[in-house]
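The block underneath contains the structure these notes are about, expressed in structure tokens.
Rule-based calculations on the coordinates, nothing more; no lab input. Given the structure is predicted, the values throughout are model-derived calculations rather than measurements. A quick note on method: Cβ atoms are made from the backbone with ideal geometry, for glycine too, and the neighbour counts reach across all protein chains shown.
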Amino acid sequence: MTLRFGLIATILITLNLSFGASAQESGDPTGTWLTQAGDAKVQVSRCGTGICGVVVWLRDPTDPNTGKPAVDDKNPNPALRRRPMIGLPLFSGMQPSGTSRWAGRIYNADDGGTYDSDLAMMGPNSLRVNGCVGGLCGGENWTRAKR
């Protein structure tokens, strides 16, 4: 079972070298966000001067082969492949890069890679999550989760 963020597929399919629409100035990214595919929720919180993002919910929280909770089995570090997907940190070094924008790195559990990333509030309930592989950049829109 892998976390299906679709980030890498989106990056390879959708070329997006900028944010497109400008971010809203009043955007606060803290809260729970549903990924574009609707298969995971990520809790975004303040971490010092930046932000952190942690997986808090999965549509399919168990591995269909083992019946056990899903783990980070694609991680390149064998010692980390047993980490549960619930609680998995996704953002690292996400620091402000403009009004309602952050830049840093994002972990993709689908392939175990960590990529340059930027986030932008596109409205009170929309967060644009971009990632780059080499010179190809793309992303997806996350929506604020309703409790």
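Quick rundown of the values:
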item	result
Size of electric dipole in region 42-147: Cβ of Lys, Arg +1 and of Asp, Glu -1, about Cα centre, debye, nearest 20	420 debye
Region 82-147: relative contact order in percent, alpha carbon pairs under 8 Å with at least 6 residues between	19 percent
Normalised convex hull volume, region 67-107, alpha-carbon set, Å³ per residue	81 Å³
Region 46-87 - Rg over Rh from alpha carbon coordinates, Kirkwood radius	1.08
FRET efficiency, 1/(1 + (r/R0)^6) with R0 25 Å, evaluated for Thr32 and Thr66 via beta carbons	0.35
Isotropic mean projected area of the C-alpha convex hull, region 79-147 (nm²)	5.9 nm²
Residue-wise HN-Hα coupling along region 50-67, computed from phi with Karplus coefficients 6.51, -1.76, 1.60 (Hz; x: Gly, Pro)	x, 10, 10, x, 10, 5, 10, 7, 10, 4, 10, x, 10, 6, x, 7, 10, x
Set of aspartates and glutamates with alpha-carbon distance to Lys41 below 12 Å, sequence-local pairs under 8 removed	Asp60
